[in-house]
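Everything below concerns the one structure shown next.
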Amino acid sequence: MGEATIGLLHPGEMGAAVGQCLVAAGHRVLWLPAGRSEATAARARAAGLTGAGDLADLVRQADVVLSVCPPLAALDIARQVAGSGFGGLYLDANAIAPATAREVAGIVEGGGATFVDGGIIGTPPVEPGFIRLFLSGAKAQEIGALFDGTDVATRLVERGAAGAGRPAGEVGAASAVKVAYASWTKGSAALLLAARALARAEGVEDALLAEWEQSQAGLIQRWDRAATSATAKGWRWVAEMEEIAASMAADGLPAGFHQAAAQIYRDPPTG
């Protein structure tokens, strides 16, 4: 695609990091300043992003639209972009269930765009290979090429034989990698928070921590990290856990693990 114009919706912590990498690769990255916080504006400036007047202006200029937002907003953003008549490549890189990714695909393709499924694993700050972008779909390679030479490592995903019954075109495969990965990383962190909360409620927290110290090296430090993250970003993970629960249920697996994790992140027991 060469140098491209990319509309980024929106430059949160992860979106800004991805946008920064695209700018470094020589692409022009647009965002929507209207109605966004000063913290978001500061991230956009630091990443070298260019403000667009409104969504219609962004869509008119963009070759690619990249959606990086909380899971609850993924469908709404897709509808807004489709309603604006966007006809380029649409990458959804949100933490959504494969079924939700297919729903997003139907929306944006109905508006004339070509859908690429994505899933981001890793966290800022930007360092080589620290952010991995999983991609699937007919135009996944074109999206991957945008990141050539950047600190974002792209990985194309194709389903194996066990997934042969899924809809054609690999839509949902990248999202499936993301939700399976997060089902453990964020799901186990929620369980760790719940375990210590149970011990605290029963008055045996000191005994539990002593046992962790003896037999589970590093677990207290992991609880500290989980508590800090849940306090800062737990609100964002509620919908992600619900998307994982829906993914589990769709494949005949227990959904209760991650329904409970959503409840933990809704009101993190970190006291």
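In the full protein context, the chain carries 46 Å² of accessible surface per residue, based on a 1.4 Å probe and ignoring ligands, DNA and RNA.
The C-alpha atoms of the chain define a longest principal axis, and helix 205-215 lies at about 80 degrees to it. Dividing the convex hull volume of the alpha carbon atoms of the chain by its residue count gives 135 Å³ per residue. Contact order for the stretch 122-265, expressed relative to its length and based on alpha carbon pairs under 8 Å spaced 6+ residues apart, stands at 18 percent. Each peptide among 191-198, 75-82 gets the average number of other Cβ atoms lying within 10 Å of its residues, and from highest to lowest they stand as 75-82, 191-198. Once the Cα atoms are used to define both axes, helix 256-266 deviates from the longest principal axis of the chain by about 90 degrees.
Here the stretch 143-271 is described by how far its Cα atoms reach on the three principal axes: 54, 38, 28 Å, from widest to narrowest.
Between T231 and L253, the FRET efficiency estimated from the beta carbon spacing at R0 = 25 angstrom works out to 0.30.
Computed with every protein chain present, the accessible area of S215 is close to 60 Å² [probe 1.4 Å]. Accessible surface comparison of L135, L209, probe 1.4 Å, protein chains only, largest first: the order is L209, L135. Counting heavy atoms of the protein chains alone, F130 has an accessible area of about 90 Å² for a 1.4 Å probe. Take every pair of alpha-carbon atoms less than 8 Å apart whose residues are at least six positions apart; their mean separation over the length of the chain yields a relative contact order of 15 percent.
A simple charge model with +1 on the Cβ of Lys and Arg, -1 on the Cβ of Asp and Glu and nothing else charged puts the dipole of the stretch 1-157 at about 60 debye relative to its Cα centre. With angles folded into 0 to 90 degrees, how steeply does helix 219-250 sit against the dominant principal axis of the chain? Use alpha carbons for both and round to 10. With both axes taken from Cα atoms, the answer is about 60 degrees.
Carbon and sulfur: what percent of the stretch 1-104's accessible surface (1.4 Å probe)? Using a 1.4 Å probe with all protein chains present, the stretch 1-104 comes out at 50 percent carbon and sulfur.
Mind putting a number on the dipole of the chain about its Cα centre? Charges go on the C-beta only, +1 for Lys and Arg and -1 for Asp and Glu, and I need it in Debye to the nearest 20. Please list the in-between numbers first.
Numbers: 21 positive and 28 negative charges, 32 e Å.
Magnitude of the dipole: close to 160 debye.
Can you send over the carbon and sulfur percentage of the accessible area for the stretch 116-271, probe radius 1.4 Å, protein chains only?
Within the stretch 116-271, the accessible surface is 56 percent carbon and sulfur.
The values are calculated or read from the model by the stated rules, or taken from the named source; none is laboratory data. These numbers come from a predicted model, not from an experiment. Because the Cβ atoms are built from the backbone with ideal geometry, glycine has one as well, and the counts that use them run over all protein chains shown. Note: areas computed on protein heavy atoms with side chains; ligands, DNA, RNA excluded. Shrake-Rupley method; radii C 1.70, N 1.55, O 1.52, S 1.80 Å.
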